[in-house]
Amino acid sequence: MHAWGGKKQKSLYCACQKCFKQWKVFVVERTTIVFANVHWSNHGDEAALAAIVKQVKQVKKDAQVLLLVKDAQEIRDDIMKNLGVEWESNKFLPHYFDYIVQLLTRGKCGRNPQMKRFFEIMNSADYILYAPGGSVICDRFWWRKQLEYLAPFFCAKFYKKPMMVVAPSMGPFDTQYRMRNHIRKSAFQGADCFLLREKNSYDNLAAIKAERGVQVTVDSAFCADIDKAEQKKLLEQDLSLQSFLNQHQSVVGITITDLSWNVKFKSKSNLDSQIAQAMSGFIRHLRAHHVGVLLIPQLFSNQNDTDLLKQYVIDAGTYILDERYPADFQQYVISSIDMVIGMRYHSNIFAAKMGIPFLPIVYEEKMDYFIKDTCIERYKVDVESISEEALIQKYQLILAETEQYCDKLSTYQKLWRLRAEVTKEKLSQFLETENQNNEGENHARRKKRT
């Protein structure tokens, strides 16, 4: 039996050491890109996120991409799997002292395990991307929740990590909360590139003097074209849906939500019954005129609005699209119908992107922002004024002005494409810039933006 110092053992040891070094280099040199504050289980969030993920993978083909999803449950759906990235659910409600300790120790000390995991991941990231989506940094959410959403900014700032904000909405902010706004403004300085999807979000940051270096582009769902040939194949396999679309000369797509989940409207208990009454009456009007009604779910996976839509099915001329279809398929189907009546924000974005007239039912600033930018306010219905009569009136107005409406959308599509290209170019430039580990260089880069 040979001693450990023998030639065979030394040779084996050297070989193992060489392999380990090669493996270590591979692991260390693989770029890690972390998407923070990701929202899922909504086809709008899916479309906005998928477009950015696609661009990231084109620029950094070998990078490890990790999505930190704000969901208490595990994500298991096929749509997420098809993105070709890694993901994990990470949601926490911080206590102030624990938050500060974990931030300063990079997750090494602290009590909340989900928050600990978050700071550990942020510390190991090469790039941090603040995911596209709705306004979660605003005064509608209580302050502890705000600290959760601000955490990626603090990590970028204190850990000297390159960070880009990829065209979400932000605000509104109440200017009376001076300390909160000072903290927000300080946190925002952690971002090297800061894009927002509409001007009103920019104005919200300007109200707290945090707009410097911020640029307005467009919702990132505009950043990727759908593969029409692939979606056509999917439609051809769905004989039931295909039959429904073919047997109606005119089809209107509708998205509906109750507002029991909405921070602003959840206390107005009579509003849900007002919405239900108005939408039911409007659908009966459409069916009386032999218009096919395609009910389009916007939630899937760990959320569900299909059950809500079932109460609006009145006959064979009302059809619910399968929630498991991805956002690209929804866009393809929308491109083949006549109009969208949209309570959900991204159903209107999908229609606008595909050049289809839409009647927006507005309950949030983000939809109001978009239709003001597009100059189509005359076609909207405010949710608090919703009624069967109001919907019919706006529907008939759009029918009468369909040609002008489509021309307007065609003009704006060119602008949206240009703005989408800006988002993609900024993202490519951000990712192609070498990840600087030198603290002075990182500080200089942030100073230049701020």
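The values are calculated or read from the model by the stated rules, or taken from the named source; none is laboratory data. Worth saying up front: this structure is predicted, and the values here are computed from it rather than measured. As a convention, Cβ positions derive from the backbone with ideal geometry for all residues, glycine included, and neighbour counts pool all protein chains shown. When the accessible area is computed, the model is the full protein with side chains, heavy atoms only, and any ligands, DNA or RNA have been set aside. Shrake-Rupley method; radii C 1.70, N 1.55, O 1.52, S 1.80 Å.
Listed by first and then second residue, the pairs with beta-carbon distance under 7 Å, at least 6 apart or on different chains, first residue in region 307-321 and touching a residue at least 12 places away in the same chain (Cβ under 8 Å), second assigned to a loop (DSSP other than H, G, I, E, B) and hydroxyl-bearing (Ser, Thr, Tyr), are Thr318/Tyr312.
For every residue, the table says whether it meets (1) among the aliphatic types (A, V, I, L, M); (2) in contact with a helix residue (DSSP H, G or I) (Cβ under 7 Å, 6 or more places away or on another chain); (3) modelled with pLDDT of 95 or more.
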| site | (1), (2), (3) |
| --- | --- |
| Gln298 | no, yes, yes |
| Tyr319 | no, yes, yes |
| Tyr345 | no, yes, yes |
| Val362 | yes, yes, yes |
| Glu365 | no, yes, no |
| Arg378 | no, no, yes |
| Ser385 | no, no, yes |
| Leu397 | yes, yes, yes |
| Glu401 | no, no, yes |
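When restricted to residues that are modelled with pLDDT of 95 or more and out of contact with any Ser or Thr (no Cβ under 8 Å at 6 or more places or on another chain), region 252-270 contains 4. Scanning for something modelled with pLDDT of 95 or more and of a type in the set (D, E, K, R), does region 72-85 turn up at least one residue? No, because not a single residue in region 72-85 is modelled with pLDDT of 95 or more and of a type in the set (D, E, K, R). Scanning region 222-259 for residues that are over 26 Å from the mean Cα position of the chain (by Cα) and surrounded by 15 or more Cβ atoms within 10 Å (Cβ to Cβ) yields Asp238, Leu241, Phe244, Leu245, His248, Val251. Residue check: Ala72 meets all listed conditions (1) free of Cβ contacts under 8 Å to residues at least 24 places away in the same chain; (2) closer than 30 Å to Tyr325 by Cβ; (3) hydrophobic (A, V, I, L, M, F, W, C); (4) part of a helix (DSSP H, G or I) but one, namely (4). Could you please let me know if Gln277 is touching a residue at least 60 places away in the same chain (Cβ under 8 Å) and open to solvent by 10 Å² or more (accessible area, probe 1.4 Å)? Yes: the conditions hold for Gln277. Among the residues of region 110-136, those identified as within 21 Å of the chain's Cα centre (by Cα) and more than 19 Å from Ile100 (Cβ to Cβ) are Ala125, Tyr127, Ile128, Leu129, Tyr130, Ala131, Pro132, Gly133, Gly134, Ser135, Val136. Check Phe282 against each of (1) part of a helix (DSSP H, G or I); (2) farther than 15 Å from Ser250 by Cβ; (3) over 20 Å from the mean Cα position of the chain (by Cα) and name the one condition it does not meet. It fails just one condition, (2). Among the residues of region 77-104, those identified as closer than 16 Å to Tyr159 by Cα and surrounded by 15 or more Cβ atoms within 10 Å (Cβ to Cβ) are Tyr99, Val101, Gln102, Leu103.
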